[in-house]
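Working notes, structure below.
Laboratory data are not the source of any read-out in this text; all were calculated from the coordinates shown. Note that the coordinates shown come from a computational prediction; the quantities given were computed from them, not determined experimentally. Heads up, the Cβs are rebuilt from the backbone with ideal geometry, glycines too, and the neighbour counts pull from every protein chain shown.
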Amino acid sequence: MPKIGIGYDIHRLEAGRRLVLGGLDIPFSAGLFGHSDGDALVHAVMDALLGALGESDIGAHFPDTDPQYKGARSIGLLDEVVGLVRERGGEIANVDAVIVAEETESTWGSKSVGWRMDRPTSRCRIFAISWDSQA
Ligand SMILES: [Zn+2]
């Protein structure tokens, strides 16, 4: 039986941090604040997967009060969640994600940027838009 989950995440930008989205380093002047690498895209996907399983959210699975997750690569945590999906006999058929950014580099474009998450877990379609784009 198909199960569907919805994830949502928001992080503020902080000057001088690495910007990591979908497990990829994105050239930009600021990065997403967080206890881990702040990869909001991966966090949202993880929450969607956990929700589809009827599990609690990523904050319960990977608490930001736990020092082992300080600076953690979120894509590695996604691997753990994907492992949980598979343990339960699940298979990820599709991931659809939209990134809404307060600021974007002109090189990102205002429509689909064709990013692929750095994992071959599924078909994955990701769009990035900025608040001021006329996409
Ligand atoms: Zn997050």
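Can you list the GluC sites (Glu not before Pro) in the stretch 45-98 that are in a DSSP coil and have 14 or fewer other beta carbons within 10 angstrom?
Hits after loop and neighbour filter: E91.
Return the distance in nm (one decimal) between the two label points of a simple spin-label model at N94 and T65, each offset 7 Å from Cα along Cα→Cβ.
Label-label distance for N94 and T65, simple model: 3.9 nm.
Arrange the following residues from fewest to most other Cβ atoms within 10 Å of their Cβ: V45, V81.
Lowest to highest Cβ neighbour count: V81, V45.
As a footprinting exposure proxy, order F33, F62 by other Cβ within 10 Å, with the fewest listed first.
Ranked by crowding around the Cβ, least crowded first: F33, F62.
So if each residue of separation counts as 0.36 nm, and I subtract the Cα-Cα distance between S29 and E14, what length gain in nm does that give?
Additional length available on full extension: 4.5 nm.
Could you check the spin-label model distance between E102 and I6? Points 7 Å from the Cα along Cα→Cβ, value in nm.
With each label point 7 Å from Cα toward Cβ, the separation is 2.5 nm.
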